[in-house]
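Trainee: This structure is in structure tokens; I'll ask about it shortly.
The values are calculated or read from the model by the stated rules, or taken from the named source; none is laboratory data. Note that this is a predicted model, so its numbers are computed, not measured. Here the Cβ positions follow ideal geometry from the backbone for every residue, glycine too, while neighbour counts run over all protein chains shown.
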Amino acid sequence: MHNHDHHDHDHGHTHEHLDSPGDFTQRDPMLTTRDFSQRAFTVGIGGPVGSGKTALMRVLCEALRNKYSLGAVTNDIFTREDAEFLLRHKALEADRIMGVE
């Protein structure tokens, strides 16, 4: 078993190995000490083609854009279609949307 003794342990979380994931509702809240005005929060969305990832991004952007400073990065290895969808529907300002091919 790897023991993680190769770095300083004072970094706000543990590396304990668990036998099972446990009960999520019994866990301590993970983000109570993070100041999101100083550090960004990232949401990654994955899934198969046609599963609604871009539509979900649009809804999230529209729901959160007036409360938070948002940026959207789409990653489509073939086209800029996802970024263009968000631009076309004005999910965010154009300078807040980036399509990565």
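Trainee: Among the numbered criteria (1) more than 22 Å from Ala91 (Cα to Cα); (2) of a type in the set (D, E, K, R); (3) modelled with pLDDT of 85 or more, which one does Glu16 miss?
Mentor: Of (1) more than 22 Å from Ala91 (Cα to Cα); (2) of a type in the set (D, E, K, R); (3) modelled with pLDDT of 85 or more, only one is false for Glu16: (3).
Trainee: Moving to a separate point now. For the structure I just gave you, tell me whether Arg34 is free of Cβ contacts under 8 Å to residues at least 24 places away in the same chain, surrounded by 10 or more Cβ atoms within 10 Å (Cβ to Cβ) and in a loop (DSSP other than H, G, I, E, B).
Mentor: When the stated conditions are applied, Arg34 passes them.
Trainee: Further, regarding this structure: In the range 40-71, which residue that is among the basic types (Lys, Arg) and in a loop (DSSP other than H, G, I, E, B) is modelled with the lowest pLDDT?
Mentor: Among residues in the range 40-71 that are among the basic types (Lys, Arg) and in a loop (DSSP other than H, G, I, E, B), the one modelled with the lowest pLDDT is Lys67.
Trainee: How about the range 54-80: which of its residues are without any contact (Cβ under 8 Å) to a residue 12 or more places away in the chain and not hydroxyl-bearing (Ser, Thr, Tyr)?
Mentor: Ala55, Leu56, Val59, Ala63, Leu64, Asn66, Lys67
Trainee: Kindly indicate whether any position in the range 59-69 is polar (S, T, N, Q) and closer than 15 Å to Thr42 by Cβ.
Mentor: At the first step, the residues of the range 59-69 found to be polar (S, T, N, Q) are 66, 69.
Add one more test, that the residue is closer than 15 Å to Thr42 by Cβ, and what stays is 69.
Within the range 59-69, one or more residues are polar (S, T, N, Q) and closer than 15 Å to Thr42 by Cβ.
Trainee: If you take the residues in the range 82-92 that are free of Cβ contacts under 8 Å to residues at least 24 places away in the same chain and farther than 10 Å from Cys61 by Cα, which one is surrounded by the most Cβ atoms within 10 Å (Cβ to Cβ)?
Mentor: Of the range 82-92, the ones free of Cβ contacts under 8 Å to residues at least 24 places away in the same chain are 83-84, 87-88, 90.
In the following step, the residues that additionally are farther than 10 Å from Cys61 by Cα were identified as 83-84, 87-88.
Working: Ala83: 23, Glu84: 15, Leu87: 17, Arg88: 9.
Only one residue tops the list, namely Ala83.
Trainee: With (1) in contact with a strand residue (DSSP E or B) (Cβ under 6 Å, 6 or more places away or on another chain); (2) in a loop (DSSP other than H, G, I, E, B); (3) of a type in the set (Asp, Glu) as the list, and Asp28 as the residue in question, which single condition is left unmet?
Mentor: Going through the list (1) in contact with a strand residue (DSSP E or B) (Cβ under 6 Å, 6 or more places away or on another chain); (2) in a loop (DSSP other than H, G, I, E, B); (3) of a type in the set (Asp, Glu), Asp28 breaks only (1).
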